[in-house]
Amino acid sequence: MDSRCSSSADSRLTGRGLGSINTTPICARVESYEAVEKKCISDVRRTFCLFVTFDLLFITLLWIIELNVNGGIQQQLDKEVLHYDYHASFFDIFLLAVFRFAALILAYAVCKLRHWWAIAITTAVSCAFLIVKVILSKLLSQGAFGYLLPIISFVLAWIETWLLDFKVLPQEAEDENRYQSFMDATERAPLMCPGPLSDGQFYSPPESVADSDEDLDDKHDPEKGLIQQVI
């Protein structure tokens, strides 16, 4: 009887262990998705914001180099900022980078928009301004920076559009759908996660009365048991 009780207890422990092993990965996944949802900003969105910051810093660096090459920073600042000339100044390209940075960070880092309309506006404004400036201004006659600054500003604006439209928004939508599917699965099966199990959920079938009577008869009459073994 003791051996039967121990085997029954072992079967209960084994059943509980298997249940916890099978359900632990699902619960771990749900907890991981909950942690992602609680984040202030996703990883792909953070990468996008870093690239927008790089856009501003890179254009600023090129503009400072251009100021220093063409006669000194102080003298060129006075010429391009205080005495601004649309046809010869690079200051407006720097302001265009500041506009992109402020609009995109406000829209996608502060307000956390999940739509492309903000970057569509910034890219359209940047492209229109740069095309008109290249056509009407005299930048192409001012050396390498007359080509470099407009082209780099144009390319960076379109790279930002590509990152948001093909990386950030689809990845966040996919993560949200996957999280929602796991939440629906947990709501349909609330007992999937490991928890305290009652003894009634795992039990061994009762023994038959006939078998127990034969075992008792064999114990009281050892000669009968010996004869049965010989036969």
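Quick notes
- Considering (1) at pLDDT below 95; (2) of a type in the set (Asp, Glu); (3) touching an Asp or Glu at 6+ places or on another chain (Cβ under 8 Å), the lone condition that Glu160 does not fulfil carries the number (1).
- Selection within segment 80-101 - part of a helix (DSSP H, G or I), touching a helix residue (DSSP H, G or I) at 6+ places or on another chain (Cβ under 9 Å) and without any contact (Cβ under 8 Å) to a residue 24 or more places away in the chain: Glu80, Val81
- Residue selected from segment 163-188 under the condition among the hydrophobic types (A, V, I, L, M, F, W, C), surrounded by fewer than 15 Cβ atoms within 10 Å (Cβ to Cβ) and more than 12 Å from Val44 (Cα to Cα), by the criterion modelled with the highest pLDDT: Met183
- Against the criterion of being among the aromatic types (Phe, Trp, Tyr), crowded, with 19+ Cβ neighbours inside 10 Å and more than 36 Å from the chain's Cα centre (by Cα), Phe90 qualifies.
- Any hit, segment 148-159, residues being open to solvent by less than 70 Å² (accessible area, probe 1.4 Å) and under 23 Å from the mean Cα position of the chain (by Cα): yes
- Residue match in segment 63-79 (condition: in contact with a Ser or Thr (Cβ under 9 Å, 6 or more places away or on another chain), under 18 Å from Leu148 (Cβ atoms) and either open to solvent by 70 Å² or more (accessible area, probe 1.4 Å) or in contact (Cβ under 8 Å) with a residue 12 or more places away in the chain (or both)): no
The values are calculated or read from the model by the stated rules, or taken from the named source; none is laboratory data. These numbers were taken from a predicted model, which means no experiment stands behind them. Heads up, the Cβs are rebuilt from the backbone with ideal geometry, glycines too, and the neighbour counts pull from every protein chain shown. Heads up: the accessible areas ignore ligands, DNA and RNA and are worked out on the full protein's heavy atoms, side chains in. Shrake-Rupley method; radii C 1.70, N 1.55, O 1.52, S 1.80 Å.
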